[in-house]
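Here's the structure, in structure tokens; my notes come after.
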Amino acid sequence: MKRLSLILFVVFIALVAAQDAYVRHLRSRKVEPRNYTVVLSLDGFRFDYQDIANTPTLDSIQKNGVRAVGLQPVFPSLTFTNHYTIATGLYAENHGIVANNFMIPSTKQIYSKSDKDIVTDGHFYNGEPIWVTAESQHIKSVVNMWVGADAVIKGYRPTISRPYNANVPYRARIDSVIKWLSVNYDKRPHLAMCYIEETDNVGHKLGPDSPTTVAVIEAIDRLVGYFCQQLASLSFCDSINFIVLSDHGMMTADKQNVVSLEKYVRPAWVDTVICSSAISFAYCKKGCADSVLSALQGVNGITACLRADLPERFHCSQSARMGDVVILSDNGQVQTYNNKRSLPAGVHGSDNANPLMNGIFYAIGPDFKTGYAAPQLYNIDVYELLCRLLEIAPAHNDGHFERIECVLK
Ligand code: AMP
Ligand code: ZN
Ligand code: ZN
């Protein structure tokens, strides 16, 4: 027995040493990756949108590349959290961007998606996004509107990046990426990332089942077709891996059961409540979490829970940024907290394992299988995949390459 454990120990040490050597080798190598990686995120594009609309481009990518059944987001299934998870391979509690808006209890600082100074402040962002992993290993990256890309993280930023600006037309965003790729070999970035929000916008405004949503899906499919055409016009098009993915799905909002949290949560109990339609975080004053919790018990359509008591699969016990009490909508109920905004017709943000929260993963290019129907994938694994495509050594992350490796040749 002792002998067996000694052998296992030696094997383990050998494996660790081999892995260390591999990482050292990658970090010190001078050669460029063979291929280029282009990632397009279509915000809120649900796993089944291809099946409810006429989408020749996505059909063709599916036929000639990979389509996964779905791409499961991490909890909470919100935009900022999941874009930064895709970039880092970390759960929200580890990368710190736990919602589009949240508070850091120790300093009472508020992170808000609409505050330009805040979203560009590197100290909110933990972990290592893929463009930092790339740049720190001498691989150039260009990013057109991705959460975190305009902050200096670990001393790095992409070679080129553009801050989020809803007024920049989608074609122009694609044209910029193509322009940034159309440079001489020695200046050419190996990683390009681009973001388009239209499917999320229409999903919120009119709901996932609206005929207008179908029309938008078709328009976005044409836009992806335009992107493919432009990529195909580049001299090195045969070396481009193109990934189209999304951050989460969308579900019809239950507008009949609006939960106005201010009716239950007394201001004296909380520093604040930050509400994102289908999920809220209550940041409680000392000793008040139980009062908040019991006031919310039995309220129709929501489940309130001490953050520390939420199931482990949500991965939020380590993050005070998610408040003391987390309030989840059970089935699309809209939560509000002293806000007068018009109610959405579609929501996301609650349980990430709800199948309706599944996003998309399509991929085509020299490293991907052809006509491959992948099972459900997990967006936490995408960072590892990107590192593999770029032939760079990943930073520490929560992903599992083995779960996503099946998409590669
Ligand atoms: P939500 O649906 O609330 O999770 O957020 C989606 C919205 O976030 C989009 O419609 C954009 O308006 C906004 N958004 C997306 N990316 C960024 C970014 N990098 N910076 C600021 N706002 C963004
Ligand atoms: Zn989103
Ligand atoms: Zn949204």
Extension reserve of the residue 290-residue 268 stretch, reckoned as 0.36 nm per residue once the Cα distance is removed: 6.6 nm
Two-site label geometry, residue 330 and residue 34: point separation in nm, points 7 Å out along Cα→Cβ: 5.4 nm
Positive-end extreme of charge dipole, the stretch 192-330 - chosen from 232, 245, 259 (charges on Cβ): 259
Model label zone, residue 218; criterion: amide N under 15 Å from point 7 Å along Cα-to-beta-carbon; scope the stretch 170-210: 210
Dimensionless Rg ratio for the chain, taking C-alpha atoms and the 2.2 N^0.38 Å reference: 1.01
The stretch 59-136 versus the stretch 187-201: alpha-carbon centroid distance in Å: 14 Å
The chain: calculated mean residue ellipticity at 222 nm from DSSP helix runs of at least 4, using -39500 (n - 2.57): -9000 deg cm²/dmol
Ratio of the Cα radius of gyration of the stretch 192-232 to 2.2 N^0.38 Å, where N counts its residues: 1.29
Computed over the stretch 254-343, Cα set: Rg, Dmax in Å: 12.2, 34
Hypothetical label at residue 60: residues of the stretch 148-192 whose amide nitrogen lies under 14 Å (7 Å Cα-Cβ projection): none
Distance violations [Cα-Cα > 30 Å] among 205/369; 116/409; 113/154; 179/369; 205/409: 205/369; 116/409; 205/409
Net lengthening on full extension, residue 185/residue 154 (0.36 nm per residue, minus Cα-Cα): 8.5 nm
DSSP beta bridge pairing in the chain, given as percent antiparallel to the nearest 5: 50 percent
Cβ-derived FRET efficiency at R0 25 Å, residue 48 paired with residue 171, nearest 0.05: 0.45
Where the chain is the region considered: accessible area per residue in Å², 1.4 Å probe: 43 Å²
Distance in nm between pseudo-label sites at residue 312 and residue 120 (7 Å out along the Cβ direction from Cα): 4.2 nm
When the stretch 136-237 is reduced to its Cα atoms, the Kirkwood hydrodynamic radius in Å: 15.1 Å
Choice from 107, 213, 370 showing the highest fluctuation, given a GNM over the chain with Cα pairs closer than 10 Å: 107
Highest-first arrangement of 44-51, 232-239, where packing means the average Cβ count within 10 Å: 44-51, 232-239
Area of residue 367 that stays accessible when all protein chains are in place (1.4 Å probe, Å², to 10): 30 Å²
Gain upon complete extension [residue 69, residue 376; 0.36 nm per residue less C-alpha separation]: 110.0 nm
Of the DSSP H helices in the chain, those whose Cα atoms cover at least 30 Å axially and whose Kyte score averages 0.0 or more: 2-28, 211-232
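The values are calculated or read from the model by the stated rules, or taken from the named source; none is laboratory data. Nothing here was measured: the structure is a model prediction, and the numbers come from that model. Glycine gets a Cβ as well: all are built from the backbone with ideal geometry, and neighbour counts include every protein chain shown. Surface areas here come from the heavy atoms of the whole protein model, side chains and all, with no ligands, DNA or RNA. Shrake-Rupley method; radii C 1.70, N 1.55, O 1.52, S 1.80 Å.
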